[in-house]
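For reference, the structure is listed below as structure tokens.
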């Protein structure tokens, strides 16, 4: 490759990225997962499109797809909140194991008896499409405010089920006769155990090191965190374990470890995740040859119908049978199992392994993913409304308080940037009624683009941005207190809504704090309420 070729390649790649970024706006308005637009870009510049680029390297696609999946899983793990996912772990674990097995069996049987595929092809397709895709699911769920328990289940399932599915696809693609089912189950259990152990160990050690090592530049923290997460994948894979499970668990531990510069780390990981998605989808679109898919459209529609109407609901209801969940929530979980890049990438494994008719397997999976994502994605908000499922109560209110933290290393403190959302019960609460723990104080409020220093009697409003300074020992207590007030209002703590309800307030600078009785600020008779400067007051 010459310098001129490099310049042309950089120009093409940058234009594709810009088009893909602009397409996110379209996907967010239409409710369509962005993967469809990225696949369309790849097809448009492919050999059947306007670009005429000929690309048929399945092995390179698989390698780059694996690399992109590692980054996407790392980004998903960093953004996973342990408090939300912890109650969903038992359900997600069963969906990722028993649910996958049920889905593979039902889909493979339908593909064999109704679509006329041989058993090996049917099992491969059943295994490939049994994995849900986090990127596809949550690009749609942004417009559907579901309860935290459902989003936690969907998020954990999409992060966990990649590992057993990859093992199944590799096993079905191997040459020679299949092993006994109990041997295959033992291999799956062993690989999952090894991957989980390595992921937890590397995640814990990485979090410990990041908290105790001061790097010379803040920009190094996101790089170090992503390097730790990727090393978990590599170590897990080299140990013959599940690298995908290892990277997800390691990233989840790092994301919940209160690391320095956590917002910058999440932003950096999110950017890498977008690049991984765009590159992977465009490459998959280049690999496909649309005119060769015409004969595989009908089998893909039949198998997709079996998967969507029979296999996925059966796996959900069977896996969640031990748990008491309303049938409406199970129905929504059945419809929300969207497929995305993961099944298409996994469909390249049989092609690389030279499985007979593997190209047909890839074409069927490609058509199935595109068609049924196009159907399921836009209809998911409608179904949630019809089933009367939406975020309400504490889950929805707490989610309307955004808190970001930045460390003050030399001062041994933290800056907490807090945004009061529309559903937060912090609206109408006075600053003094927050009862922040000693060592934490609200130092600045930004309202309608204007900043001012609040008084203890300043009333908070929706849309306010608060800057809270907290010392290292009370940093977690201060964040918990803000979350508790956002959920339970000024009486949080006394009404069992959590937080440091009886915490002694930190005195304002320059004097003693106001006396309190039952959480209310007492004023001198006739004393006026403190107000922000003119033009910055309450509306």
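The values are calculated or read from the model by the stated rules, or taken from the named source; none is laboratory data. Computed from a predicted model, the values in this text were never measured in an experiment. All Cβ positions, even for glycine, are placed from backbone atoms using ideal geometry, and neighbour counts span all protein chains on display.
Brief remarks on what is shown
- If you go through the stretch 267-312 and keep only what is touching a strand residue (DSSP E or B) at 6+ places or on another chain (Cβ under 9 Å) and more than 23 Å from residue 61 (Cα to Cα), you end up with nothing.
- Matching option when the condition is at pLDDT 90 or above, in the same structural domain as residue 353 (by TED's automatic domain parsing) and farther than 30 Å from residue 249 by Cβ, among 115, 122, 127: 122
- Extreme residue, nearest to residue 333 (Cα to Cα), among residues of the stretch 106-115 that are surrounded by fewer than 18 Cβ atoms within 10 Å (Cβ to Cβ) and without any contact (Cβ under 8 Å) to a residue 40 or more places away in the chain: 109
- Qualifying residue in the stretch 29-39 (condition: on the phi > 0 side of the Ramachandran plot and either surrounded by 20 or more Cβ atoms within 10 Å (Cβ to Cβ) or part of a loop (DSSP other than H, G, I, E, B) (or both)): yes
- Residue 261 vs. criteria surrounded by fewer than 24 Cβ atoms within 10 Å (Cβ to Cβ), touching a strand residue (DSSP E or B) at 6+ places or on another chain (Cβ under 8 Å) and at positive phi: yes
- The stretch 211-239 - residue that is part of a helix (DSSP H, G or I) and more than 30 Å from residue 190 (Cβ to Cβ) and, of those, nearest to the chain's Cα centre (by Cα): 222
- Scanning the stretch 241-282 for residues that are more than 13 Å from residue 82 (Cβ to Cβ) and outside any helix (DSSP H, G or I) turns up 241, 242, 259, 260, 261.
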